[in-house]
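Have a look at the structure below before the remarks.
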Amino acid sequence: MKPEKYSLTLGFIPLTDCAPIVIAQELGYFAVEGLNVALSREASWATLRDKVALGILDAAQMLAPMPIASTLGLSGIVRPMVTGMSLGINGNAVTVSSALYARMLEADFAAVVDPRLSARALKRVIEVDQREGRAPMTFAVVFPFSMHNYELRYWLASAGIDPENDVRLIVVPPPQMVANLRAGTIDGCCVGEPWNLLARAEGVGRTVITGQDIWRNKPEKVLAVSKEWADRHPRTHEALLRALIRAARWLDDPVNGEHAAALLSAPGYIGVDAALIAASLPGAEQPDRAPDRNGRPVVNPSCFFASAATFPWRSHAMWIITQMYRWGQLERPVDIGAVAGSVYLGGLYREVAGQIGIEAPAIDVKIEGAHSTPWTLGEAAHAIAMAPDTFMDGRQFDPARSVDYLLSFDIRAPLPAVEGIACRDP
Amino acid sequence: MRTPGKRLRIMLVDRLPERTNTVEHALSAAGHQVVARVMAGGDLAAEVAAVSPDVIIIDIDSPDRDTLEHMRTISRERPRPVVMFTNDDNAATIRSAVRAGVSAYVVDGLHASRVLPVLEVAIARFEEFQAMREELEQAKSTLAERKLVEKAKGILMRQTRMDEEAAYKAMRKMAMDRNIRIVDLARTLIAATELLEPQGRKRGP
């Protein structure tokens, strides 16, 4: 079956997790599928999204919440989008300026050394500032519809910090984060690698918690296309997914880390030092982090393929929609399960994975946060070894009870139409 | 609505100073004022808040687009029209984006002669969009208020065995006596009931 379209332009943002796209190009996985792909480095998520919506780009790396936001009309032009695969799980960290780090240590040393409690130290610092009438501190994320935004807010709220009122949240492009930390225009940020590592290497910031500590093996980036494009090019779409799943599998092997880092560090791709990129690829030791309690170095958990990392879990999409409600981005009632299922195409993934003999989950939804240790996903032709998926506060997200989950948070936007939010049995 | 010919306060976000110079001259010649020129980096959100421009002109390939995008989603930051320019040759598709009414793009790069007409269009569209959004907000809040009154009426009927009309009259009288809006009375009534008979959704874990 020949693809409907051979020559494609794919958009990416210079970050470690554009790796599957770059590797599929450099190692010829696209070529094997008969695709002639041009890669287009984009400077902002908004422009990348507009180009996919307008058909200037065929497909692009997107933040996991972006195709949902475009489908719901929350971000830019209203345009239904879909994703047939995730481009990786984990990544991101919260880094604070060296000055704020010192204040946090002074305020609550015990909290700072335990990432899950670290927001408590920030809370103490904020309380002092509020008593003394200082302006709220500024934290930056990379885009309003990003896991970074939801992770930072989850972490802040875990210690009773209201992200809307106790701090000022802004958006700063990732390559500008370190300069802003240095200049003192921001006090902290949640950003992907290699920017946290760079902040540490340049002595301007310290990482206080990683995305992995907030929600283990959480979704991060996806490959997105407009629904219209997917409908018109089903075979091209499948060919793209096959190439990218294979590239992801190659990337997950730690022996390929050095080779991958060298390719990714080229000026046309990420354009930063290969050693820093290597430190954010699977299996690398984190120079930024103190050893764990048993003295083992902390290993970066960026994951492109293992633990069904490429599978577009509908439960991930449903969690994202709960956060859109939680933070007031989505104010009208929708059927959470139906929207998630129309954007995250688990069925398409299974189809494609089957064509190349790769194991895929037979279910689209799992209870998130129910596994604190490595576990086995039995719902597959051959069981899949899975990594833990717990949240920092031990909460569990049962997609069938999305509304109750949403209401269980004390800090959240008002939900004027809560009776209307449906959650069809997922 | 803006009166035609009004002097606009403009913020330019661009990496290329030479290009910015040309555009600034053209805008000044047309009676507008460039109140800020931003190269990239820094705290653009703070700068916009401090300068408070009527319109922002930005290179579509500037990473700062995401910062502006975020500001549009925050209600407390006053939204401002954003005009984007690009050297992309996808003129037709970009024009369709302009027609979609969400963004305004200037094609063929930032040529001074093209900026002014597009600026006018962008501002007009933006104001249309804002007006529609405000209308929608208004409609939404009216509906929400009606629902609150209905809910409070139901509580009153359940607790006092009044019929619907009597319950409504009782609420209207109470609101008039206290000189408050009936929806505020409904809110108080609902809150009081929830306090006295906590039967809402379970909170936890």
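So, of the residues in the stretch A:15-43 that are at pLDDT 90 or above and part of a loop (DSSP other than H, G, I, E, B), which turns out to be nearest to A:ALA262 (Cα to Cα)? The qualifying residue nearest to A:ALA262 (Cα to Cα) is A:LEU27. Counting only helices (runs of 4 or more DSSP H) that sit completely within the stretch A:129-232, those holding 2 or more residues that are modelled with pLDDT of 95 or more and assigned by TED's automatic domain parsing to the domain that holds A:SER75 correspond to A:227-232. Taken over the stretch A:77-99, the residue count meeting the criterion of being over 30 Å from A:PRO282 (Cβ atoms) and in the same structural domain as A:THR210 (by TED's automatic domain parsing) is 1. Annotation note: of A:SER70, A:SER7, A:SER75, A:SER86, the sole residue that is among the small types (Gly, Ala, Ser) and at the interface with another protein chain (Cβ under 10 Å from one of its Cβ atoms) is A:SER75. Checked against the criterion of being assigned to a loop (DSSP other than H, G, I, E, B), assigned by TED's automatic domain parsing to the domain that holds A:ILE384, modelled with pLDDT under 95 and surrounded by fewer than 23 Cβ atoms within 10 Å (Cβ to Cβ), the candidates A:PRO333, A:PRO297, A:PRO287, A:PRO291 yield just one match: A:PRO333. The number of residues in the stretch B:13-33 being away from chain A (no Cβ under 14 Å) and either crowded, with 20+ Cβ neighbours inside 10 Å or part of a helix (DSSP H, G or I) (or both) comes to 14. Report every pair of residues separated by at least 6 positions or lying on different chains whose Cβ atoms are under 9 Å apart, first residue within the stretch A:162-181 and at the interface with chain B (Cβ under 8 Å from one of its Cβ atoms), second β-branched (Val, Ile, Thr) and part of a helix (DSSP H, G or I). Going by the 9 Å Cβ cut-off, the qualifying pairs are A:ILE170/B:THR67; A:VAL171/B:THR67; A:VAL172/B:THR67; A:PRO173/B:THR67. Report, by residue number, each residue of the stretch A:355-408 that is within 14 Å of another protein chain (Cβ to nearest Cβ), within 22 Å of the chain's Cα centre (by Cα) and part of a loop (DSSP other than H, G, I, E, B). Answer for the stretch A:355-408, where residues must be within 14 Å of another protein chain (Cβ to nearest Cβ), within 22 Å of the chain's Cα centre (by Cα) and part of a loop (DSSP other than H, G, I, E, B): A:ILE367, A:GLY369, A:ALA370, A:THR390, A:MET392, A:ASP393, A:GLY394, A:ARG395, A:GLN396, A:ASP398.
The values are calculated or read from the model by the stated rules, or taken from the named source; none is laboratory data. Just so we're clear, the structure is a prediction, and the values are computed from it rather than from any experiment. Every residue, glycine as well, gets a Cβ built from its backbone with ideal geometry; the counts of neighbours run over all protein chains shown.
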